[in-house]
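**Q** Have a look at the structure that comes next, please.
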Amino acid sequence: MVTADQTPKTRLAALPTSAVSDALDRLGIAGQALGITPLDRSFRLVGHAWTVRYGPVGQDRGTVGDFIDDLGPDDVVVLDNQGRLDATVWGDLLTSTAHSRSIAGTVIDGVCRDVDRSLTLGYPIFSRGNWMRTGKDRVRVEGTQVAVSVGGVRVEPGDLLLGDGDGLVAIPFSRVDEVLTAAEEIERAEESIRRAVEAGTSLREARRTHGYHDLQHLTGRTS
């Protein structure tokens, strides 16, 4: 049951990405970021998107990370580097700074480096992987707090993000309540199925009783 003091972020933090993914499917929202995974499977992040869009450098050298001083607690840094794997846009100094500012985590459509710092601090990074080659003099910031693309998903400033060992999902700010309501219903139903099976009910019967096959559709119902 949702109580009056539960914020959307608090409600989202209690859910797995799998339940949110099913809710997104039910509502016809493309929010599953393909290929964006955590450096460590234990990493979780939840927060509002603070976005950065990168592009290749031109005649000027550009910058890669000065924006970090503008972020605060509970922000999630979302970096759109167009999926590039040949130049990093996040490393040791950014990880240390973000951790010290209690930033909720970093999401990169691209790669990072200096992963040991992230693992030591327990600072969650979700990306396409890691490589050591710097992005300095190779990429530049094209815009901050603008719409970006991450794993084929459009992410706008303020959208709510959830990441865990299964990957990353993004919820448009205007659809947060309905996605959370659907995800909570789906998670309750699946938990009821697990309890029924543990008590000796067949999986077939437990799924039928709790409407498993309808959970990703608008006909889904509360167990």
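**Q** Taking the stretch 172-192 on its own, how many of its residues are farther than 17 Å from Gly31 by Cα and not polar (S, T, N, Q)? Show your work before the answer.
**A** Going through the stretch 172-192, the residues farther than 17 Å from Gly31 by Cα turn out to be 185, 187-192.
After this cut, where a residue has to be not polar (S, T, N, Q) as well, the list is 185, 187-191.
Looking only at that region, the number is 6.
**Q** Name the residues in the stretch 112-136 that are β-branched (Val, Ile, Thr) and assigned to a loop (DSSP other than H, G, I, E, B), would you?
**A** Thr134
**Q** Which residues, counting only those in the stretch 177-223, are within 12 Å of Val20 (Cα to Cα), modelled with pLDDT under 80 and of a type outside the set (S, T, N, Q)?
**A** Leu215
**Q** Evaluate the following for His48: is it touching a helix residue (DSSP H, G or I) at 6+ places or on another chain (Cβ under 6 Å) and at pLDDT 95 or above? Spell out the reasoning first.
**A** Working: touching a helix residue (DSSP H, G or I) at 6+ places or on another chain (Cβ under 6 Å): no; at pLDDT 95 or above: yes.
No.
**Q** Is it true that some residue in the stretch 34-51 is aliphatic (A, V, I, L, M), in a helix (DSSP H, G or I) and under 19 Å from the mean Cα position of the chain (by Cα)?
**A** Taking every residue of the stretch 34-51 in turn, none turns out to be aliphatic (A, V, I, L, M), in a helix (DSSP H, G or I) and under 19 Å from the mean Cα position of the chain (by Cα).
**Q** Taking the stated definitions as given, is Thr37 under 27 Å from Glu187 (Cβ atoms) and outside the structural domain of Gly167 (by TED's automatic domain parsing)?
**A** No, not satisfied.
**Q** From the list Arg117, Arg133, Arg140, which residue is touching a residue at least 24 places away in the same chain (Cβ under 8 Å) and surrounded by fewer than 14 Cβ atoms within 10 Å (Cβ to Cβ)? Steps first, please.
**A** Details: Arg117 fails: surrounded by fewer than 14 Cβ atoms within 10 Å (Cβ to Cβ); Arg140 fails: surrounded by fewer than 14 Cβ atoms within 10 Å (Cβ to Cβ).
So the residue among Arg117, Arg133, Arg140 that is touching a residue at least 24 places away in the same chain (Cβ under 8 Å) and surrounded by fewer than 14 Cβ atoms within 10 Å (Cβ to Cβ) is Arg133.
**Q** Please count how many residues of the stretch 121-138 are over 22 Å from the mean Cα position of the chain (by Cα) and under 15 Å from Thr51 (Cβ atoms). Even if it seems obvious, please write down each step before you answer.
**A** Going through the stretch 121-138, the residues over 22 Å from the mean Cα position of the chain (by Cα) turn out to be 132-138.
Now restrict to residues that are under 15 Å from Thr51 (Cβ atoms): none.
Within the stretch 121-138, residues that are over 22 Å from the mean Cα position of the chain (by Cα) and under 15 Å from Thr51 (Cβ atoms) number 0.
**Q** Here's a follow-up. Within the stretch 172-182, is there a residue that is in contact with a Phe, Trp or Tyr (Cβ under 8 Å, 6 or more places away or on another chain) and of a type in the set (Gly, Ala, Ser)? So that I can check it myself, show each step before the final result.
**A** Filtering the stretch 172-182 down to residues in contact with a Phe, Trp or Tyr (Cβ under 8 Å, 6 or more places away or on another chain) leaves none.
Looking for residues that are in contact with a Phe, Trp or Tyr (Cβ under 8 Å, 6 or more places away or on another chain) and of a type in the set (Gly, Ala, Ser), one finds none in the stretch 172-182, hence no.
**Q** On the basis of being of a type in the set (A, V, I, L, M), farther than 23 Å from Ala23 by Cβ, modelled with pLDDT under 95 and in contact with a Lys or Arg (Cβ under 9 Å, 6 or more places away or on another chain), does Val141 make the cut?
**A** Numbers: of a type in the set (A, V, I, L, M): yes; farther than 23 Å from Ala23 by Cβ: yes; modelled with pLDDT under 95: yes; in contact with a Lys or Arg (Cβ under 9 Å, 6 or more places away or on another chain): yes.
Against the criterion (of a type in the set (A, V, I, L, M), farther than 23 Å from Ala23 by Cβ, modelled with pLDDT under 95 and in contact with a Lys or Arg (Cβ under 9 Å, 6 or more places away or on another chain)), Val141 qualifies.
**Q** Still on this model: So how many residues does the stretch 81-104 have that are assigned to a strand (DSSP E or B) and buried (at least 24 other Cβ atoms within 10 Å of the Cβ)?
**A** Result for the stretch 81-104: 2.
**Q** Looking at Asp25 and the list (1) in a loop (DSSP other than H, G, I, E, B); (2) within 18 Å of the chain's Cα centre (by Cα), which single condition is not satisfied?
**A** So the condition that Asp25 fails would be (1).
**Q** If you check Val46, Val52, Val64, Val76, which single one turns out to be over 19 Å from Leu160 (Cα atoms), touching a residue at least 60 places away in the same chain (Cβ under 8 Å) and assigned by TED's automatic domain parsing to the domain that holds Leu161?
**A** When all the criteria are applied, what remains is Val64.
**Q** Then there's this: So which pairs qualify, if the first residue must be in the stretch 1-12 and surrounded by 11 or more Cβ atoms within 10 Å (Cβ to Cβ), the second must be at pLDDT below 85, the Cβ gap must be under 8 Å, and the two must be at least 6 apart or on different chains?
**A** Partner pairs satisfying both residue conditions: Arg11/Val2.
**Q** Does Gln82 satisfy the criteria of being of a type outside the set (Phe, Trp, Tyr) and either more than 17 Å from Glu156 (Cβ to Cβ) or over 12 Å from the mean Cα position of the chain (by Cα) (or both)?
**A** Yes.
The values are calculated or read from the model by the stated rules, or taken from the named source; none is laboratory data. Every value quoted in this text rests on a predicted model; they were computed, and no experiment measured them. We place every Cβ from the backbone using ideal geometry, glycine too, and count neighbours over all the protein chains shown.
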